[in-house]
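Worksheet: the structure to be examined is printed underneath.
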Amino acid sequence: MRIDKNQINTINNRALPDHRESFEYLSNKLTTKGLEPEHLIQKIQDFQIAIPSWALGTGGTRFGRFPGGGEPRSLEEKIDDVGLLHALNAGSGAISLHIPWDIPEDIGAVKAHAASHNLLFDAVNSNTFQDQEEQEHSYKFGSLCHTDSKVRQQAIDHNLEVIKYGDQLGSKALTVWLADGSSFPGQMNFRKALQRTLDSLKEIYQGMPADWKMFVEYKPYEPYFYHTVIQDWGTSHLLASQLGDRAFTLVDLGHHLPNTNIEQIVATLMMQGKLGGFHFNDSKFGDDDLTVGAMKPYQLFLIFNELVEGMEDNASKNPAPAWMIDASHNLKDPMEDLLQSVEAIQLAYAQALTVDRNALENARESNDAVLAQEILQNAFRTDLRPLIAEARLQANAALSPVEVYRELSVRKQLVKERGAKTLATGL
Ligand code: RM4
Ligand code: MN
Ligand code: MN
């Protein structure tokens, strides 16, 4: 299924008078503050967020999975789904593949298909946290950290294969997330496991094309519950530093223990030029994989405040980070969830762009905690939704993506085309 831009326009037109009124009001407010709405709109349009190929189906928990129907049955259909999202919000212009869940068979055809939807291929993701049927050695006791060199070699080879696919598709980065760890005290030698992981990563790093980056993701627990080899940003940063200039830390919002100051992690990594990428989601307790912004929108804003400050700092040596949603939805329609996610990310980004940075710096320098809070919260509490909607409108997308998605009965149509019992590969 493809959405015809005329269908979007017709629905947009109905909401246009209302939108014009609220956008004009906001526009005036922003201009009074010395901000240029058109400049902000351009920035929002340039900010593209990759959709992971595994988030288009209904995810499950270890207790069950309740698919909603019409799930994509192939990589082509996953690309179609991201194409639908991008047509609606003009902000999801890339797809991130997880291998072997999504092995591109006919590379030329897959590339052409993505291009027909105006989609690029973002970082590719390897998977050494599950055993595949044809696989010789098991990852039950780890992959890149395994005690047996044959298992490590198999995991290294898998990553090199993922790079090969990504290279053919035009990806420029490999994201490595390892489940490796242990569940019982004493089970694993911490130092040896980390050393072996570093050595294995070195081999993968050496196998990357010269213009590629490696993103090393961290996570404090799960699937193992006592220790994780790459448990936190410090460990990831240590590995990235030893690997080389093209290795970076990747921050996944769900991969922190409760109350961790994630915005500070962002600032520290950017100061070191080592923040490579971002996985957006939200959480209450752990790696809940909920819709970003659903739980802690203020935290998301504070994170973006650091990101914007880092990106706008001309002296910063941090390259532009890669943005991706990494969520798994077991209740909502995944497509609606992704539309909400992109909107929440754009909103937090736009809010951060409107922070009066000079005033904030002055307040900080004079230790005025009250004023600093006022400045941040003024930006956070200004309703910028009409600005995001205008950015979409100007890009020929939907004023209100979820509404259009529902009005066009996209899910019903997908169920009709694909069936009610299809299961997408993924979690
Ligand atoms: C992990 C981690 C990775 C993702 C897998 C599916 O928890 O977030 O980024 O690839 O889940
Ligand atoms: Mn992740
Ligand atoms: Mn995760």
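Under 7 Å between Cβ atoms, which residue pairs at least 6 apart in sequence (or on different chains) link something in the stretch 114-136 that is within 16 Å of ligand 2 (Cβ to nearest atom) with a partner that is part of a helix (DSSP H, G or I) and among the aromatic types (Phe, Trp, Tyr)?
From the stretch 114-136, the pairs are 124/165.
Checking the condition farther than 18 Å from residue 248 by Cα and either of a type outside the set (A, V, I, L, M) or within 13 Å of ligand 2 (Cβ to nearest atom) (or both), which residue from 332, 317 passes? Give the derivation first.
Values: 317 fails: farther than 18 Å from residue 248 by Cα.
Unique residue meeting the criteria: 332.
Inside the stretch 320-341, can you point out the residues that are among the polar types (S, T, N, Q) and buried (at least 21 other Cβ atoms within 10 Å of the Cβ)?
Let us first name the residues in the stretch 320-341 that are among the polar types (S, T, N, Q), namely 328, 330, 340-341.
Across the stretch 320-341, the qualifying residues are 328, 341.
Can you name the residue in the stretch 84-108 that is in contact with a helix residue (DSSP H, G or I) (Cβ under 8 Å, 6 or more places away or on another chain) and part of a helix (DSSP H, G or I) and is also farthest from residue 329 (Cα to Cα) among such residues?
It comes out as 107.
From the list 320, 327, which one is assigned to a loop (DSSP other than H, G, I, E, B) and within 16 Å of ligand 1 (Cβ to nearest atom)? Explain how you work it out, then say what you get.
Working: 320 fails: within 16 Å of ligand 1 (Cβ to nearest atom).
It is 327.
What pairs can you find where one residue is in the stretch 325-345 and within 12 Å of residue 401 (Cβ to Cβ), the other is of a type in the set (A, V, I, L, M) and away from ligand 2 (no atom under 16 Å from the Cβ), and their Cβ atoms are less than 6 Å apart, with a gap of 6+ or different chains?
336/402; 338/85; 339/402
Answer yes or no as to whether residue 59 is modelled with pLDDT under 95 and within 16 Å of ligand 2 (Cβ to nearest atom). If you could, list the steps in order and put the result at the bottom.
On the way: modelled with pLDDT under 95: yes; within 16 Å of ligand 2 (Cβ to nearest atom): yes.
Spelling it out, residue 59 is indeed modelled with pLDDT under 95 and within 16 Å of ligand 2 (Cβ to nearest atom).
For the stretch 183-228, name all the residues that are in contact (Cβ under 8 Å) with a residue 12 or more places away in the chain, more than 16 Å from ligand 2 (Cβ to nearest atom) and aliphatic (A, V, I, L, M).
Once the filter is applied, which keeps residues that are in contact (Cβ under 8 Å) with a residue 12 or more places away in the chain, more than 16 Å from ligand 2 (Cβ to nearest atom) and aliphatic (A, V, I, L, M), the stretch 183-228 yields 188, 193, 194, 198, 201, 204, 208.
Only one of these is farther than 30 Å from residue 413 by Cα and surrounded by 13 or more Cβ atoms within 10 Å (Cβ to Cβ): 29, 33. Name it.
On the way: 33 fails: surrounded by 13 or more Cβ atoms within 10 Å (Cβ to Cβ).
Matching residue, one of 29, 33: 29.
Of the numbered conditions (1) buried (at least 22 other Cβ atoms within 10 Å of the Cβ); (2) over 20 Å from the mean Cα position of the chain (by Cα), residue 92 fails exactly one; give the number of that condition.
The number of the failed condition is (2).
The values are calculated or read from the model by the stated rules, or taken from the named source; none is laboratory data. Computed from a predicted model, the values in this text were never measured in an experiment. Quick reminder, even Gly has a Cβ in these numbers, built from the backbone with ideal geometry, and neighbours come from all protein chains shown.
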